[in-house]
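The structure under discussion appears below in the form of structure tokens.
The values are calculated or read from the model by the stated rules, or taken from the named source; none is laboratory data. From a predicted model like this one, the values you see are computed outputs, not experimental measurements. Because the Cβ atoms are built from the backbone with ideal geometry, glycine has one as well, and the counts that use them run over all protein chains shown. Side chains included, ligands, DNA and RNA excluded: accessible areas come from the protein's heavy atoms. Shrake-Rupley method; radii C 1.70, N 1.55, O 1.52, S 1.80 Å.
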Amino acid sequence: MPSTTDLPGVTELLATAVGAVGGAERPGQVAMAEAVARAIRTGDHLAVQAGTGTGKSLAYLVPALRHAVETESTVVVSTATIALQRQLIDRDLPRLEKALAKPLGRRPTFAILKGRRNYLCLHKIDSGFEDEPEDAALFDPFAISRIGREVTRVREWVSDTETGDRDELVPGVSEQAWRQVSVSARECLGKARCPMGTDCFAEKAREEAGRADLIVTNHALLAIDALQGYQVLPEHDLVIVDEAHDLVDRVTSVATAELTSGTVTMAARRAGRVVDQELADRLLEAGDGLGMIMEDLPSGRLDEMPRPLAGSLAALRDAAHACVTGLGSEKSGDVDVQTARKLALSQLEEVHDTTVRLLGAWDADTANRRDVVWRTEPHGNRPPALYVAPLGVAGLLRDRLFARNTTILTSATLTLGGNFDSMARSWGLPAEQEGASSPTEGAATEKSVEGPRWTALDVGSPFDHARHGILYLAKHLPPPGRDGLPPSYLDEIGELMAAAGGRTLGLFSSMRAAKQATEELRKRTDLEILCQGEDSTALLVRKFAEDEASCLFGTLSLWQGVDVPGPSLQLVVVDRIPFPRPDDPLASARQRAVEARGGNGFLSVAATHAALLLAQGTGRLLRSTTDRGVIAILDPRLATARYGGFLRSSLPSYWTTTDPAVVRAALTRLDAASSPKESA
């Protein structure tokens, strides 16, 4: 058994791991593993673009596990999707655990850790204490009855689950029901005070994670650990961020706060159980006042503080602070009293902190503001809401993530416009120096400008994009309009689908466009067209994969969530360049802030957003080395607009054409080659 001082090198360990899982060694995978090992040694951060099929999971897991065993430290791997978490926990890590046990001298250990809200709270279930759903008075009796049935099913599930993990409850339950059986970190009594502390599912998960060499978590929990004032993850010195293209959006989501009259009402009701009723009534009145003022506010981004809102928020802040003061110090040893106090304090602090943040959102000029505020329209039974979100998270990530840990960031999509600069700036890493050449495939480029030291590496892809994929730019079509899909777009999609014999994934910029295309084309073809929203997305993707003659139409979640190798997917259709909506409050505010500082807001925000989504969406086509097919972009601006070159350079080097006849002929040949031969 080797000692930790003479462990095999990463290349040797990777070869052992690849052999154990029945794979083949790939140059890009080896280059990535060596780069990760080098970053661990030097402490420099690393950004790696690794195309689909590279085997990037093994390329970072092998050096990470070697480091954890050698130094007896903990490594954190963060992902954006449940699918990747399950791949790592259920498939990759169990195989590596066995394959690397002998060369590492012992079996490496791993665990999964999620936020506390993802686990059942046994104390909440045992005590029978239930929260009233936010805006409960607005729920109809059927909705309340449904929530009750779901809570009953979860209570019955308690005796069957060993983890209490929400993701293991099938079928799942609504967010309103889950909140009745779970608590946030702020609401938790803590293991020492809780009567169910020794059996707590969340504490058991955290204890298991604390003993593991490697922890798999999600970007949200990584953000909470970095941004909040309390430690969530065990001590660690290395963070690996997979699906790093999603990191900024996930951190932004964690750092976004919401305020509604309903949240204030719930805070007042909780407070009424543990403070003088007069204080709770004052908070309730302030919440009612906020609700009336919000009814009259315009929807969308609020560039200036409306005077009535300023007074209402100040009153709400003071009322929430008075309730917090009224709680006093924790004295009672009664668990029920402690629970009620903790729940009230959590909600009161959330209301108070959000109002303080809102009141300060307009203090600076446009170029220097830190937050953007917007009001949403009422939706169904939900009243209007105020949101406050950070204009950027680069400073937060630079100070709270990169300053504390060596960080590896990887994804199939990190170079936009041909380099790493856009992603680097959004993460808080210094962009490439002016005039520096873009990194070539397989070559590492060190960034030596002021800021955290980091290295960029593009290990390429095992796919021959120029031979296996055609990028079709429908230059002859009119630019997309605002009144739905033009008839010429529907004709084009129909002709392409017919040539492909189905096998089509339609990625649309809106649900309205996806439904329009579905309804119109169902009248014209016998091919089955599945549309997102008509069933669960997972079931629709499975049906699409099983039936080669089917088509699947949908919007944003399909741009990143579909993995269908083989002949079931040979045509990806994109209706328009996926720029953010002009009325998107966060994107428009970020664009305006860049322009106020003298930059190009359109290129920095809108075009970068579109480039990332285009790269992700078109990446659905080639999922294995034997895949072939066509990517059809109907929006002619990709071929004609000045920014088209930036967007095209963010995509792999597909063979490109603007000739529809060439594309239809290629699809017809692919269909013929993929269709089963009729028996003689």
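Quick notes on this structure:
Rundown of residues vs (1) without any contact (Cβ under 8 Å) to a residue 40 or more places away in the chain; (2) surrounded by fewer than 16 Cβ atoms within 10 Å (Cβ to Cβ); (3) in a helix (DSSP H, G or I), yes/no style:
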| residue | (1), (2), (3) |
| --- | --- |
| THR11 | yes, yes, yes |
| GLY23 | yes, yes, no |
| GLN29 | no, no, yes |
| MET32 | no, no, yes |
| VAL36 | no, no, yes |
| ALA39 | no, no, yes |
| ALA47 | no, no, no |
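- Just so you know, in the stretch 376-419 the residues that are β-branched (Val, Ile, Thr) and farther than 23 Å from THR74 by Cβ include one that is surrounded by the fewest Cβ atoms within 10 Å (Cβ to Cβ), and it is THR376.
- Filter result for THR504 (in contact (Cβ under 8 Å) with a residue 40 or more places away in the chain, open to solvent by less than 40 Å² (accessible area, probe 1.4 Å) and over 20 Å from ALA610 (Cβ atoms)): yes
- Those helices (runs of 4 or more DSSP H) lying entirely in the stretch 630-674 with at least 1 residues out of contact with any Leu (no Cβ under 9 Å at 6 or more places or on another chain), at pLDDT 95 or above and open to solvent by less than 30 Å² (accessible area, probe 1.4 Å): 660-674
This table checks each residue for (1) free of Cβ contacts under 8 Å to residues at least 24 places away in the same chain; (2) in contact with a Lys or Arg (Cβ under 7 Å, 6 or more places away or on another chain); (3) assigned to a helix (DSSP H, G or I).
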{"residue": "ARG155", "(1), (2), (3)": "no, no, yes"}
{"residue": "GLY190", "(1), (2), (3)": "yes, no, no"}
{"residue": "ARG193", "(1), (2), (3)": "no, no, no"}
{"residue": "ALA202", "(1), (2), (3)": "no, yes, yes"}
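- Total residues in the stretch 292-316 satisfying the condition of being among the small types (Gly, Ala, Ser), open to solvent by less than 30 Å² (accessible area, probe 1.4 Å) and either within 16 Å of THR263 (Cα to Cα) or assigned to a loop (DSSP other than H, G, I, E, B) (or both): the figure is 1.
- Positions within the stretch 71-102 being open to solvent by 30 Å² or more (accessible area, probe 1.4 Å), assigned to a helix (DSSP H, G or I) and not small (Gly, Ala, Ser), in sequence order: THR71, ILE82, ARG86, GLN87, ILE89, ASP90, ARG91, PRO94, ARG95, GLU97, LYS98, LYS102
- Looking across the stretch 163-188, the residues that are part of a helix (DSSP H, G or I) and without any contact (Cβ under 8 Å) to a residue 12 or more places away in the chain come down to GLU168, GLU175.
- Meets criteria (aliphatic (A, V, I, L, M) and closer than 27 Å to GLU187 by Cα) for ALA310: no
- Qualifying residue in the stretch 428-440 (condition: of a type outside the set (D, E, K, R), modelled with pLDDT of 90 or more, under 31 Å from the mean Cα position of the chain (by Cα) and surrounded by 19 or more Cβ atoms within 10 Å (Cβ to Cβ)): yes
- Output for the stretch 204-233, where each listed residue is more than 19 Å from SER73 (Cα to Cα), under 25 Å from the mean Cα position of the chain (by Cα) and part of a helix (DSSP H, G or I): HIS219, ALA220, LEU221, ALA223, ILE224, LEU227
- Residue count, the stretch 393-413 (criterion: aliphatic (A, V, I, L, M), farther than 19 Å from ALA64 by Cβ and out of contact with any Ser or Thr (no Cβ under 9 Å at 6 or more places or on another chain)): 2
- Whichever residue in the stretch 207-234 is of a type in the set (Asp, Glu) and in contact (Cβ under 8 Å) with a residue 40 or more places away in the chain and, among such residues, is surrounded by the most Cβ atoms within 10 Å (Cβ to Cβ): ASP213
- Residues that are open to solvent by 20 Å² or more (accessible area, probe 1.4 Å), over 20 Å from ARG375 (Cβ atoms) and touching a residue at least 12 places away in the same chain (Cβ under 8 Å), drawn from the stretch 249-265: ARG250, VAL254
- ASP563 satisfies every condition listed in (1) farther than 23 Å from PRO636 by Cβ; (2) touching a Phe, Trp or Tyr at 6+ places or on another chain (Cβ under 9 Å) except (2).
- The test for being in contact (Cβ under 8 Å) with a residue 40 or more places away in the chain and within 15 Å of ILE240 (Cβ to Cβ) does not hold for VAL69.
- Residues in the stretch 321-341 that are open to solvent by 60 Å² or more (accessible area, probe 1.4 Å) and modelled with pLDDT under 85: SER329, GLU330, LYS331, GLY333, ASP334, ASP336, VAL337.
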